Amino acid sequence: MGDIAPRGVLRVGDRVRFEGRTVQVVGLEGMVLRLVGEDGEASVMAAGHVMAAADFELVDRGWENSPTPVLPPFALLDALPEAASEQARFWERHVLEVITGLPPGSEEGTPPRPEYDPAWRTLTELVLLNRHQISGRRGLIVTGQAGTGKTTAITQLGRNHELLVRQRLGPAAEGRLPVVYVTVPPGATPKMLAIEFARFLGLPIVRGETQTSITNAVCDLLIRMRVELALVDEIHNLNLATRAGAEASDQLKYLSERIPATFVLAGIDVAGSGLFNGIRGRQIAGRYTVTESEPFTYGTAAQRRDWRSLIASLEDTLQLHQHKPGSLVKLDRYLHERTDGAIGSLSQLIRGAASEAIISGSEAITRKTLESIEVDQAAETARTEHLKTRKPPRRRRPDADAA
């Protein structure tokens, strides 16, 4: 054993044992190891994670001590077990669809699926890149005006990602927590932020427990549960101009370094709130891609089609016995005037009208029902301004009526 290098040095070809299995190092990239097990299963892991395992053992060095090298041949899929090959082909199809917006074998001229919008493709790529990133992980910020659907967007994103993980892994997904969601409380401190994560996880908080112990418990549990996506809402509540806000920002950065997940932040006018100001702000700006959330517009035919599609999706969720399907879609112009194109205002208006229809017993939403519902002040003000600028209908001349 005298020719074996110290524990902290690994080379391509070394065989090591950790976490109850034996693997061979087939590639090195910085502090990341590419490993292949005795069953042919490939994986990528941080060197520190492997060597920190309690049962870590260097089995032997180099190919000469390995009677049967397990480095797979050039045709990687041919060397894998059938189950692993199927999983690889699943990801091949998914990655191609992420890149092109189209599944393999699509006919020429087929339009890309809407959910593969470049902004959300960016997130899919980030999740894949961050999975084995040791530090400096990249993230996504969703920002915009109030009521433009930021929370709806990130929660729907989280739902879709969790369903995808559970579909991909099947029974193996048991015990995993692919997505975590928290909101930043007003005047947040580092400890308050850690407590929000602990509450989501159901961790008990003992009175007098320190910020460090709470943070460590949160990080340890999220790592064990293999979280992949961390959604942090109301990020504008972080005020970097105050000491508490600056320290809470540092806490968020620390969590993103400790937890091997992609962080998605959402908040109102993030740039205007000062989140990108100063040294800390520049660091955030250098690690996050920003996506703007805007109200729906009603100018072009394509914009009107998108607006009607949103209304139709909300109308499909109604469980009113006498409601005529499609009747809300026909009120698309009126609904845009009432809500100024804000998804939050539209949702409030339709849900309020549905509640009124149930209480009154009509079990249907009409324009009269909608007129009885008040929405947020921003939408009401926008409607008033819109009515002021609307041109009155042209009056027909009496002689034209006679003709």
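The values are calculated or read from the model by the stated rules, or taken from the named source; none is laboratory data. These figures come from a predicted structure and were not determined experimentally. With ideal geometry, Cβ positions are generated from the backbone for all residues, glycine too; neighbour counts draw on all protein chains shown. Surface accessibility is based on the protein's heavy atoms, side chains included, excluding ligands, DNA and RNA. Shrake-Rupley method; radii C 1.70, N 1.55, O 1.52, S 1.80 Å.
Report the residue count in the stretch 365-390 for those that are under 35 Å from the mean Cα position of the chain (by Cα) and either under 17 Å from residue 311 (Cα atoms) or at pLDDT 85 or above (or both).
So the answer is 6.
Exactly one of these conditions fails for residue 327: (1) of a type outside the set (A, V, I, L, M, F, W, C); (2) within 34 Å of the chain's Cα centre (by Cα); (3) part of a helix (DSSP H, G or I). Give me its number.
(3)
Among the residues of the stretch 338-368, which ones are touching a residue at least 12 places away in the same chain (Cβ under 8 Å), closer than 24 Å to residue 298 by Cα and surrounded by fewer than 17 Cβ atoms within 10 Å (Cβ to Cβ)?
Initially, the stretch 338-368 is screened for residues touching a residue at least 12 places away in the same chain (Cβ under 8 Å), giving 338-350, 352-354, 356-358, 362-367.
Filter once more, so that each one left must be closer than 24 Å to residue 298 by Cα: 338-350, 352-353, 365-367.
Those that are touching a residue at least 12 places away in the same chain (Cβ under 8 Å), closer than 24 Å to residue 298 by Cα and surrounded by fewer than 17 Cβ atoms within 10 Å (Cβ to Cβ): 366, 367.
Which residue is surrounded by the fewest Cβ atoms within 10 Å (Cβ to Cβ), if the candidates are limited to the stretch 369-380 and must be closer than 13 Å to residue 341 by Cα and not small (Gly, Ala, Ser)?
Step one: list which residues in the stretch 369-380 are closer than 13 Å to residue 341 by Cα, which gives 375-376, 378-380.
Now drop any that are not not small (Gly, Ala, Ser), which leaves 375-376, 380.
Numbers: 375: 21, 376: 17, 380: 15.
Among them, the one singled out is 380.
Working only within the stretch 263-284, note down all residues that are open to solvent by 60 Å² or more (accessible area, probe 1.4 Å) and either under 22 Å from residue 161 (Cβ atoms) or among the acidic types (Asp, Glu) (or both).
269
Determine which member of the set 169, 177, 193, 157 is open to solvent by less than 50 Å² (accessible area, probe 1.4 Å), in a helix (DSSP H, G or I) and over 21 Å from residue 141 (Cβ atoms).
Testing whether each residue is open to solvent by less than 50 Å² (accessible area, probe 1.4 Å), in a helix (DSSP H, G or I) and over 21 Å from residue 141 (Cβ atoms) leaves just 169.
For the stretch 249-262, check the following and say yes or no: at least one residue is open to solvent by less than 40 Å² (accessible area, probe 1.4 Å), closer than 28 Å to residue 342 by Cβ and modelled with pLDDT under 90.
So far as the stretch 249-262 goes, yes, one or more of its residues are open to solvent by less than 40 Å² (accessible area, probe 1.4 Å), closer than 28 Å to residue 342 by Cβ and modelled with pLDDT under 90.
Only one of 305, 333 is without any contact (Cβ under 8 Å) to a residue 40 or more places away in the chain, closer than 19 Å to residue 149 by Cα, open to solvent by 30 Å² or more (accessible area, probe 1.4 Å) and among the basic types (Lys, Arg). Can you tell me which?
305
Look at residue 204 and say whether it is closer than 17 Å to residue 252 by Cβ, part of a loop (DSSP other than H, G, I, E, B) and not acidic (Asp, Glu). First the steps, then the outcome.
Values: closer than 17 Å to residue 252 by Cβ: no; part of a loop (DSSP other than H, G, I, E, B): yes; not acidic (Asp, Glu): yes.
It is false that residue 204 is closer than 17 Å to residue 252 by Cβ, part of a loop (DSSP other than H, G, I, E, B) and not acidic (Asp, Glu).
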